[in-house]
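To start, the structure itself, in structure tokens.
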Amino acid sequence: MPLSTFSTGTGAESTAESAHMNVAARTEASSNSDREVLLTSKILYIFVASMLGSLVIFWTPLHRLVEFARNSEFSYIPLIPAISVFLIVMRRRAIFRQSRPHAAAGAVILVSGILLFSLTKLFPAPTTPDHLWLPALGIVAAWWGLFVLCFGLQSARVAMLPLGLLLFMIPVPPVTNTVIRFLQQASAALSYFLFRMIGVPAIREDMVISLPGLNIEVAPECSGIRSSLSLLILTLAGANLYLRSGWNKIILVCLLVPLCILRNAIRIVTLTTLALYVDESFLTGPLHHKGGILFFFLATAILMSFFLLMQRSEQRKLDSTRCSSLAKNCIDSQIAGNSAASITSGQSV
Amino acid sequence: MTKNVFLLAAVATALLIPQFAVAGTVTYTTTGTFSSSLTNTSAKMPVTFTGTTQTVTTPDLNALLGSFSVGTFAQCHKALCTKSDHFTLHIVQSAPSGGSGNLTATVTGFVVFNQTTGTVQWTFDPLGTTVVINGVTYTGLPGVSTLSTDVRGIITGPPVPEPKAGLLLGLGSVGLMGLAFASRKMINVN
């Protein structure tokens with residue numbers, strides 16, 4: 001505020017005027033914020049209603065998708081929208097802080113989704129997943145479109161991960177098969193290395209590892225695709241909730257690949273060594289057939305420790321930034337205080 | 001708050017318990033050709049094969065592999081008219097991993113004197129023959145059209161030594177949700 005403002009009239013008058021202005025500004029701001037809250041909640045109702053409408057419109061393909069998921073490797077599909085909604089609800093303040101409806105972008109994405117969905121009838125596919133991936137992609141795009149339409153691109157950018165997670169709803173068996181093959185090969189290679197490391201004589205030929213009196217094949221079922229996918233989705237969700245640094249998120253997801261391979265290799269080596277030196281029934285026993293969940297939790301625990309380390313380091317950095325900014329503010333206010341005092345004394349003189 | 005977490009855990013457990021099964025699922029598509037015509041309709045008798053796409057949980061001892069439709073035969077002027085054709089059932093597997101294989105069968109049609117309605121029977125050669133596609137074994141079962149025109153088989157696969165992905169993700173999600181509710185202040189708000 002310019003000094004001339006203070007020079008007109010007495011000190012008491014100017015104080016009363018400024019107090020009056022503050023109250024007026026505050027009232028205006030609060031009425032604006034009330035209007036914004038009202039508008040946002042109205043948009044939220046429209047969004048929820050349109051999402052429910054989309055469920056009715058896409059009921060048949062969604063029902064088919066859920067039916068397919070129930071009897072396939074893609075049994076996690078019905079959980080994906082729930083996880084996305086949960087992540088959006090938990091970070092709602094950050095996501096909807098600058099929400100502004102963006103009709104043009106939203107409409108383009110929505111129409112693209114509907115077009116993709118309607119393409120299904122033009123390209124008949126022979127197998128169930130081939131029938132489903134295109135409508136599923138269409139539905140996901142339509143949901144993205146509705147989100148952008150109601151909350152805008154800025155909110156969509158902040159909610160990129162929960163919205164991106166919806167892509168896991170699309171069943172694409174060729175991609176899954178490629179991942180299975182990769183995990184299978186890497187697990188076989190690491191298992192062979194571990195056998196050699198612990199001194200068990202082994203020869204490897206592709207997926208078959210020959211040991212003294214025992215040949216084991218690392219089958220596609222040993223790839224651990226189910227737990228690896230679940231861990232990937234959980235890691236993405238956890239990183240979205242708790243990590244701030246983009247690099248940390250990338251590192252955590254990258255760590256997942258060697259961790260999944262290591263988990264498979266440890267499982268293969270443990271079971272085979274037990275079968276070799278203790279009892280051969282370990283290969284057909286409950287530890288083999290039902291031990292998957294145990295190794296899943298083991299991998300989760302290892303991942304959690306990395307996660308906590310990253311979170312602590314971020315927290316430390318955040319605290320030090322806060323401290324330094326607080327100290328800077330303190331110095332700034334001291335300087336401001338000193339200069340204000342000198343100005344006042346100058347005026348009185 | 002604690003009450004909500006327990007409620008959430010209870011609902012999740014109820015939803016997830018059925019997924020504890022470790023059996024695998026198989027998705028396959030079948031098509032068929034007769035050696036007389038190299039199409040799905042025999043040139044020797046009015047029999048057409050219609051393929052199918054199925055997703056089954058292994059082991060499935062009565063899996064549908066397709067069906068024959070039987071048309072009108074030429075009138076039989078003998079005590080018994082018999083026609084037979086070789087049939088190849090082509091199976092394309094898409095899950096758990098891609099691959100394909102064939103099962104061969106002999107399809108025989110019978111028509112009795114003065115009749116045009118025939119009976120068709122099929123036998124996979126040799127009986128009990130199997131095709132293995134990436135660890136999944138398909139066995140064709142013999143059948144006769146008077147009982148059912150569906151072609152059935154046995155599909156067995158190695159059990160997957162892991163619970164379903166839905167269960168693993170569900171359990172993990174419940175844990176994450178519990179953690180998130182318990183430590184709301186730690187959530188990234190930027």
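Key figures
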{"quantity": "Mean Cβ neighbour count within 10 Å, used as a protection proxy, ranking A:158-171, A:136-149 highest first", "calculated": "A:136-149, A:158-171"}
{"quantity": "Sparse-neighbourhood loop sites, trypsin sites (Lys or Arg not before Pro) in the stretch A:104-187 - DSSP loop, at most 12 other Cβ within 10 angstrom", "calculated": "A:Lys121"}
{"quantity": "Part-to-part distance (alpha-carbon centres) for the stretch B:93-155 and the stretch A:219-247, which is given in Å", "calculated": "43 Å"}
{"quantity": "Within 10 Å of each Cβ in A:77-87, the average number of Cβ atoms from other chains", "calculated": "3"}
{"quantity": "Peptide A:212-221, shielding by other chains (average Cβ, 10 Å cutoff)", "calculated": "3"}
{"quantity": "Overall form of the stretch A:164-310 per C-alpha gyration tensor (a/c, 1.5; a/b vs b/c)", "calculated": "prolate"}
{"quantity": "Difference of contour (0.36 nm per residue) and Cα-Cα distance, A:Ser324 to A:Tyr45", "calculated": "96.2 nm"}
{"quantity": "Shape call, the stretch B:98-190: gyration tensor on alpha carbons, a/c limit 1.5", "calculated": "prolate"}
{"quantity": "Cut-off 15 Å between beta-carbons: net charge of the residues surrounding A:Leu229, Lys and Arg +1, Asp and Glu -1", "calculated": "+1"}
{"quantity": "FRET efficiency for A:Val257 and A:Glu205, using Cβ-Cβ distance with R0 set to 25 Å, rounded to 0.05", "calculated": "0.55"}
{"quantity": "Peptide A:278-291 - average C-beta neighbours from other chains (10 Å radius)", "calculated": "1"}
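Every number in this text was worked out from the coordinates using simple rules, so none of it is lab data. Keep in mind the model is a prediction, meaning the values are calculated, not measured. Here the Cβ is made from the backbone with ideal geometry for all residues, glycine too, and neighbour counts use every protein chain on show.
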